[in-house]
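Take a look at the structure below.
The values are calculated or read from the model by the stated rules, or taken from the named source; none is laboratory data. Being a predicted model, the structure only gives us computed values, none of them experimental. Cβ placement follows ideal geometry from the backbone for every residue including glycine, while neighbour counts extend to all protein chains displayed. All accessible areas refer to the heavy atoms of the entire protein, side chains included, with ligands and DNA or RNA removed. Shrake-Rupley method; radii C 1.70, N 1.55, O 1.52, S 1.80 Å.
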Amino acid sequence: MCGIIAYIGDKYCKDIIINGLKRLEYRGYDSAGIAILMPDNENNGNSPQNRIAIVKQAGKIKDLEESMKDMDFDSHTGIGHTRWATHGAPTQVNAHPHADCTGKIAVVHNGIIENYAEIKEELLQKGHKFISETDTEVLSHLLEEYNNDGDLLASMQKLIRKIKGSGAIVALSADFPDEIVGARLASPLILGIGKDGNFLASDIPAVLEHTRNFMIINDFETIRIKKDKVEIFDMDGNPVQRDPFKVNWSITSAEKSGYEDFMQKEIFEQPFGIKETMRGRLVDGELQFEELDITEEQIRNLNKIQIIACGTSSHAALLGKQLIERWARIPVEVEVSSEYRYKNPIVEKNCLFIAITQSGETIDTLAAIREAKSRGAKIVAITNVVGSTVARESDSVIYTHAGPEIGVCATKTFTAQIIVMYLMALYFGKVTGNLNEDEYKKIVKEIELIPDKIQTILNDAVKIKKIADHLYKYRTFLFLGRIFGLPVALEGALKLKEISYIHAEGYAGGEMKHGPIALTDTNTTVVGIIPKDFVYEKMLSNIEEVKARHATIFAIATEGDSEIQKYSNYVFYIPQSIEELYGILTIIPLQLFSYYIAI
Ligand code: BG6
């Protein structure tokens, strides 16, 4: 995830900003940059010709430092940024800060500007010139455009009303050397109040070595900081009074936002990752999928979809298969990447080839793509990493915007992949005419509710912890699910073995009786994924089979289902939804369960 730090005060800003960026490295990034206000100290009474110096680099912060080492930055005002690419490859040109046409304004930004294409078009018509592929660059040009009013803060207030999407935005202008302004729209931004100056940052660790006094900025608020003054304004430009709060965390615990570790943090970040992944793709109930780069006609002519992936990504693929086949009635084949290239694969005409990979670097997936390409396939990649090898070698890319995953176990990238699968299946369903308008609207409405429903589940994490406290000594876990529950069962078992080293298997509920049932006894815990869907009754009979063999039963069930308690030793309830969406809701308690068992 991108990181921001800004400082204005009595001290020299360069080292404060560089060290702040290093403190943000844990968030993951692919490029970094800094903009510093260079005051005109020799103007001899003429109007000062301040300027902004921008230095940026693809790669590590040490590369940025290296490129700055012989430069003289005698300045007290600057902004810095670590970028995690979302629009445009991780290159020097695309790195932040971004300047306007005059070079007098510099902007850094975290988030996604949904309407950047239309804003860019308007600005192009007014003569603005753009040099990067980013959405962010429109912000510096918008400020330039609005700057005629002679008030940087007022320009920022106008800007925040113009953009749609998410953004923590910070700007510096050579014409306003005594201030830095910022704004927040759905991306975190904090204000740090120091003795020798003031700070804006995306996260507390960036400035914790300088101050422990902070204020949180809320959505649609704008901020102006000077070396000895901070001001916050509401949406209408009225001043907001807010008392600072004191942070007592160590820098290490602040990096994890108070969570114990990155896996826990990333599990809890899922509502945000999902919203970011939906952003710009589901707008006012309409799906926008230009990035797929295939025509509606081509979709209607598809004979088959082939999906390849590894590990957790392959479970997202299996869920995608169920959805596409159900909503669009297009046959889907899922193959693990490591098998695909050795089987002399057939690439059929009118077959869409999709590769799912969180990292975009998994060698088996890359090799499978190359194999398919050499046989004439057109590749669509779904990945979380802009500019990754898979992204570069594919014909088109759909990025999940979950932010970088630092924990070893895939969690937030998995649910972001599933969201892409939901949206894609829905889009295909609409284009092929298999879903009517009412069905389509009903599904869209439910998809939009997913982040809040996941938040409800996360709010109940302590209930899962209590169940894990009872079950952690078991050495065999069987995860059972059917249809949409099957990929969830496979993923639940994978998470448990990956993080706790306990033997766990995922199985189709109906397949239990064909062998694996021999493993179940008093030493086995069976985790049943049993939401109220069209295979609910079937799952109940499967659970009865294992209960008869004295296994302990932990059921993931739908809120309001009291019947399930007769069958289970432990139950965790998820909120109600439509049956197709239970996949994404049921995996959350299983991620938490694996996590707490491992702890
Ligand atoms: C494995 C990881 O090595 O790669 C899994 O342990 C992951 O957690 C799998 O799901 C696939 O990774 P990717 O980046 O291709 O989705």
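Please name all residue pairs, on different chains or six or more residues apart, with Cβ atoms under 7 Å, provided the first residue is in the range 346-363 and is at pLDDT 95 or above and the second residue is open to solvent by less than 70 Å² (accessible area, probe 1.4 Å) and within 7 Å of the ligand (Cβ to nearest atom).
A355/A309; A355/T365; I356/A309; I356/S313; T357/A309; T357/S313; T357/T365
If K495 satisfies all but one of (1) basic (K, R); (2) open to solvent by 10 Å² or more (accessible area, probe 1.4 Å); (3) within 16 Å of the ligand (Cβ to nearest atom), what's the number of the condition it fails?
(2)
State the number of residues belonging to the range 372-390 that are open to solvent by less than 20 Å² (accessible area, probe 1.4 Å) and away from the ligand (no atom under 16 Å from the Cβ).
Qualifying residue count, the range 372-390: 1.
From the list E145, E121, pick out the single residue that is open to solvent by 10 Å² or more (accessible area, probe 1.4 Å), modelled with pLDDT of 95 or more and not in a loop (DSSP other than H, G, I, E, B).
The conditions single out E121.
Rundown of residues vs (1) in contact (Cβ under 8 Å) with a residue 60 or more places away in the chain; (2) open to solvent by 10 Å² or more (accessible area, probe 1.4 Å), yes/no style:
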site: L191; (1), (2): no, no
site: N198; (1), (2): yes, no
site: D219; (1), (2): no, yes
site: I225; (1), (2): yes, no
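Among the residues of the range 378-395, are any modelled with pLDDT of 95 or more, in a loop (DSSP other than H, G, I, E, B) and not charged (D, E, K, R)?
Scanning the range 378-395, I find at least one residue that is modelled with pLDDT of 95 or more, in a loop (DSSP other than H, G, I, E, B) and not charged (D, E, K, R), so the answer is yes.
I'm told I16 meets every condition in (1) under 25 Å from S257 (Cβ atoms); (2) within 27 Å of the chain's Cα centre (by Cα); (3) surrounded by 21 or more Cβ atoms within 10 Å (Cβ to Cβ) except one. Can you identify the failing condition by its number?
All conditions are met except number (2).
Going through the range 534-569 one residue at a time, which ones are part of a strand (DSSP E or B) and more than 23 Å from F268 (Cα to Cα)?
Passing the criteria: T552, I553.
It is to be established whether one or more residues within the range 418-427 are modelled with pLDDT of 95 or more, in contact with a strand residue (DSSP E or B) (Cβ under 9 Å, 6 or more places away or on another chain) and over 15 Å from I356 (Cα atoms).
Checked against the condition, which is being modelled with pLDDT of 95 or more, in contact with a strand residue (DSSP E or B) (Cβ under 9 Å, 6 or more places away or on another chain) and over 15 Å from I356 (Cα atoms), the range 418-427 yields at least one hit.
Quick one: which strands (runs of 3 or more DSSP E) lie wholly within the range 29-85 and hold at least 2 residues that are surrounded by fewer than 15 Cβ atoms within 10 Å (Cβ to Cβ)?
none
Only one residue in F289, F272 is closer than 30 Å to I79 by Cβ and at pLDDT below 95, so which one is that?
F272
Which of the residues that make up the range 266-277 are out of contact with any Phe, Trp or Tyr (no Cβ under 7 Å at 6 or more places or on another chain) and either of a type in the set (A, V, I, L, M) or part of a helix (DSSP H, G or I) (or both)?
Within the range 266-277, E266, Q270, P271, F272, G273, I274, K275, E276, T277 meet the criteria.
Quick check, is I398 under 24 Å from the mean Cα position of the chain (by Cα), of a type outside the set (S, T, N, Q), buried (at least 19 other Cβ atoms within 10 Å of the Cβ) and modelled with pLDDT of 95 or more?
Taking the combined requirement at face value, the residue satisfies it.
Which residues, taken from the range 117-161, are in contact (Cβ under 8 Å) with a residue 40 or more places away in the chain and in contact with a helix residue (DSSP H, G or I) (Cβ under 6 Å, 6 or more places away or on another chain)?
I119, D135, H141, L143, N147 - these are the residues of the range 117-161 that are in contact (Cβ under 8 Å) with a residue 40 or more places away in the chain and in contact with a helix residue (DSSP H, G or I) (Cβ under 6 Å, 6 or more places away or on another chain).
Kindly evaluate T362 against the criterion of being buried (at least 22 other Cβ atoms within 10 Å of the Cβ) and farther than 17 Å from Y422 by Cα.
Details: buried (at least 22 other Cβ atoms within 10 Å of the Cβ): yes; farther than 17 Å from Y422 by Cα: yes.
Yes: the conditions hold for T362.
Name the single residue that is farthest from the chain's Cα centre (by Cα) among those in the range 86-105 being among the β-branched types (V, I, T) and in a loop (DSSP other than H, G, I, E, B).
If we take residues in the range 86-105 being among the β-branched types (V, I, T) and in a loop (DSSP other than H, G, I, E, B), then T102 is farthest from the chain's Cα centre (by Cα).
Can you tell me which residue is farthest from G28 (Cα to Cα) among those in the range 229-257 that are over 29 Å from the mean Cα position of the chain (by Cα) and in a strand (DSSP E or B)?
If we take residues in the range 229-257 being over 29 Å from the mean Cα position of the chain (by Cα) and in a strand (DSSP E or B), then P239 is farthest from G28 (Cα to Cα).
Would you list the helices (runs of 4 or more DSSP H) that sit entirely within the range 278-371 and hold 1 or more residues that are within 26 Å of E405 (Cα to Cα) and either over 21 Å from the mean Cα position of the chain (by Cα) or within 16 Å of the ligand (Cβ to nearest atom) (or both)?
Working: elements: 296-300, 311-328, 337-340.
Output list reads 311-328, 337-340.
For the list (1) more than 16 Å from the ligand (Cβ to nearest atom); (2) open to solvent by 10 Å² or more (accessible area, probe 1.4 Å), I need the number of the one condition that I450 fails.
Only one criterion is unmet by I450, namely (2).
If you go through the range 515-533, how many residues are assigned to a helix (DSSP H, G or I) and aliphatic (A, V, I, L, M)? First the steps, then the outcome.
We begin by selecting, within the range 515-533, every residue assigned to a helix (DSSP H, G or I); these are 516-519.
With aliphatic (A, V, I, L, M) added as a condition, the list becomes 517-519.
Final tally of qualifying residues: 3.
Which members of the range 164-184 meet the condition of being open to solvent by 10 Å² or more (accessible area, probe 1.4 Å) and not aromatic (F, W, Y)?
K164, G165, D175, P177, D178, E179, R184
Condition test on L152, is it modelled with pLDDT of 90 or more, over 18 Å from C2 (Cβ atoms) and open to solvent by less than 10 Å² (accessible area, probe 1.4 Å)? Full working, then the answer.
Values: modelled with pLDDT of 90 or more: yes; over 18 Å from C2 (Cβ atoms): yes; open to solvent by less than 10 Å² (accessible area, probe 1.4 Å): yes.
In short, yes.
With the requirement that a residue be open to solvent by 70 Å² or more (accessible area, probe 1.4 Å) and within 22 Å of T312 (Cβ to Cβ), what does the range 327-341 give you?
Within the range 327-341, just E339 meets the criteria.
Out of (1) of a type in the set (A, V, I, L, M); (2) modelled with pLDDT under 95; (3) under 20 Å from Y472 (Cβ atoms), the odd one out for I517 is which?
(3)
Does A410 fit the bill of being touching a residue at least 40 places away in the same chain (Cβ under 8 Å), within 14 Å of the ligand (Cβ to nearest atom) and either open to solvent by 10 Å² or more (accessible area, probe 1.4 Å) or among the aromatic types (F, W, Y) (or both)? Let's see the steps before the verdict.
Numbers: touching a residue at least 40 places away in the same chain (Cβ under 8 Å): yes; within 14 Å of the ligand (Cβ to nearest atom): yes; either open to solvent by 10 Å² or more (accessible area, probe 1.4 Å) or among the aromatic types (F, W, Y) (or both): yes.
Spelling it out, A410 is indeed touching a residue at least 40 places away in the same chain (Cβ under 8 Å), within 14 Å of the ligand (Cβ to nearest atom) and either open to solvent by 10 Å² or more (accessible area, probe 1.4 Å) or among the aromatic types (F, W, Y) (or both).
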